[in-house]
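The block underneath contains the structure these notes are about, expressed in structure tokens.
Just so you know, all these numbers are worked out from the coordinates, no wet-lab data involved. Note that this is a predicted model, so its numbers are computed, not measured. All Cβ positions, glycine included, derive from the backbone under ideal geometry; neighbour counts span all protein chains shown.
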């Protein structure tokens, strides 16, 4: 399209919004051409769902408008969130269409090269901001590339300089010629390094057309405070952000304030540099501390209450009126979210139910504090209904992606808010109005989609890991071996005491608790120190090398088991939350007991023996004593342990993969909250 334009020719094109940020070299090169060989006058963001594919919602798009003339100076951005129609396949006319305003601003201002007024949906970004690169990234490229290239050439330099040294010793070259040859080689290396740096810096330029990333999110109040704090300070002007950044790194207090006074409060990059610099500065005067506090007030994205984004579903029906119609009855769990509970004909259902649409949320107002909230992604042909005890709501999908909101509803921040609202109540009842008042960080819709995609990738890893862990079963046949109950194979099976102690400095005596019992090893170094007096009072519970410890008290931890290996430095006792199994090693090796207890058969026996209420679950050691153990010969036990150790190591790697994915999700959401 660009090549077909004459000089002065104009082009308006609808592109997939991905084109604005694609990292491929051809996409970056095309964006650079549009900036430098044309005048990119406007980028108009269109709402998600404007184009609909057979599979549902189509790609999010934008309109680029450019003229093949002088290079771009400024780019006008307008975000249309309402094109006059509802989203989805069946688009109905709605009020609030923004297209007339966009057209008016374009024809009155942008078309004539004028700057239109700034609004929530309309602003202008200088082309220089798009073309520049973060000086911090440039500095990192320079440092890392220089180090890598010098290391790359170090061996070659040693050989070449060695040759010159030999020639000098043999009198084949003079000292001056030796120095010149060394200089020439070092100059070639230096030029090679500079060429590589230039190439990598150019490659790092994204020429991103996602203009919202260039605009700072400081509030008007913050900008006013920033300017007031720096009023009267003479600015140290330089158009080049690279120069100002380098000066900032070497500046004294007075010069620092002059450089900061020159920073543009509209620029996300410049204010982010200021924020990072002030946060890392060790010595700062009162003025700098004040500036740092002003920037700290800012969230990465604006905080908005959910009030204007949610739509309560009050569509309740009596299925019995539709006796021949089949209904899909939904439920919500705190682990799997919305699920299909059962299917029934209307004639079988007496109560009133809510009708639940696709992409609507359901939550139990009495159990939301344990995560009983989910998003309905089912598209059943039958009517989907849920108990009238639930709260059902949808979202304005042209402003917030439901999957993004679901991710926020699963965070600790939301759970904390829920519990704050419930404080003082006899029974939890999280009303819809509480949810409406909750404030969330609201990035642009395209950023929400990026966040969701990142989270979905990590969820896929977690689901894959859970399938592996859930389906794993040791392929070991014990049917040919006789069995003996555990008490006949051990010299001691007992529960620990309940020692009273204060944590003290290391005195060579320690106590192990459930928290120290990990799936891979016992974390001895994290265990509490106790006094010799407490140790002597509980000497009967002193641990010996190769004792087996198993968690027998507590929610979610019963069944954790491992072998204790004495570190030779400390004497250990253990608490009542743990059970001790001391093997008769002439009959059975401790590691085999541990391995069997971790197998499905062992875990099933443990689960069947747990007693008590949810507040205090217990596995009695008297129950453990009667566990029937298969008893292969000692050599076979060792082979089984070795085989299981390999498999358990592989499973541990899968668990670690799952943990890393969960941590990445937490990190993604922490960045959203700017924590």
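Compute the distance from the alpha-carbon center of the range 130-177 to that of the range 309-363, in whole Å.
71
Would you compute, from DSSP H runs of 4+ residues alone, the mean residue ellipticity of the chain at 222 nm, taking -39500 (n - 2.57) per run and dividing by the full residue count, rounded to the nearest 500?
Working: 19 runs with 265 residues, N = 675.
Helices in the chain give a 222 nm mean residue ellipticity of -12500 deg cm²/dmol.
Please state the relative contact order of the range 135-204 as a whole percent: Cα pairs under 8 Å, 6+ residues apart?
Working: 24 pairs, mean separation 35.2, N = 70.
The value is 50 percent.
Please report how far the C-alpha centroid of the range 1-77 lies from that of the range 623-675, rounded to the nearest whole angstrom.
Cα centroid of the range 1-77 versus Cα centroid of the range 623-675: 50 Å apart.
Expressed in whole Å with the largest first, what are the equivalent ellipsoid semi-axes of the range 307-442 derived from the C-alpha gyration tensor as the square root of 5 times each eigenvalue?
On the way: eigenvalues 145, 55, 32 Å².
Taking √(5λ) for each eigenvalue gives 27, 17, 13 Å, largest first.
Which order results if 103, 291 are arranged by neighbouring Cβ count within 10 Å, fewest first? Let's see the in-between values first.
Details: 103 12, 291 23.
So the residues, fewest neighbours to most, are 103, 291.
How would you rank 137, 218, going from fewest to most other Cβ atoms within 10 Å of each one's own Cβ?
On the way: 137 12, 218 19.
Ascending number of Cβ neighbours within 10 Å: 137, 218.
Over the Cα atoms of the range 474-597, how large are the radius of gyration and the largest Cα-Cα distance (Dmax), in Å?
15.3, 52
Kindly provide the Kirkwood hydrodynamic radius of the range 533-675 in Å, to one decimal, from all pairs of distinct alpha carbon atoms.
On the way: mean 1/r = 0.0566 Å⁻¹.
For the range 533-675, inverting the mean 1/r across all distinct Cα pairs yields 17.7 Å.
From zero up to wherever the largest Cα-Cα distance of the range 218-298 sits, split into 5 Å bins and tell me the percent of pairs in each.
P(r) for the range 218-298, in whole percents per bin: 3, 15, 31, 29, 17, 4, 0.
If I take every Cα pair under 8 Å that is 6 or more residues apart in the range 1-144, average their sequence separation and divide by the length, what percent do I get for the relative contact order? Mind dumping the intermediate values first?
Details: 237 pairs, mean separation 32.0, N = 144.
This gives 22 percent for the range 1-144.
Compute the long axis of helix 241-250 from its Cα atoms, compare it with the longest principal axis of the Cα atoms of the chain, and write down the angle in degrees, 0 to 90, nearest 10.
60
Could you state the principal axis extents of the C-alpha atoms in the range 5-123, from the largest down, to the nearest angstrom?
Principal axes ranked by extent give 43, 34, 25 Å for the Cα atoms.
Could you work out the relative contact order of the chain? I mean the mean sequence separation of Cα pairs under 8 Å and 6+ apart, divided by the number of residues, in percent.
Relative contact order for the chain comes out at 9 percent.
With a bin width of 5 angstrom, please list the P(r) values of the range 135-204 as percents of all Cα-Cα pairs, from the 0 bin to the one holding the largest distance.
3, 16, 21, 17, 13, 10, 8, 6, 3, 1
Looking at the P(r) of the chain, how many percent of alpha-carbon pairs lie beyond 48 Å? Spell out each step's value before the answer.
On the way: 96838 of 227475 pairs.
Everything past 48 Å amounts to 43 percent.
Quick one: Cα convex hull volume of the range 471-518, Å³ per residue? If you can, show how the numbers build up before the last one.
Details: hull volume 9.1 nm³, N = 48.
In the range 471-518, the Cα convex hull volume per residue is 190 Å³.
Tell me, 457, 215 in order of fewest to most beta-carbon neighbours within 10 Å? Don't skip to the end; give the middle numbers.
Details: 457 12, 215 16.
So the residues, fewest neighbours to most, are 457, 215.
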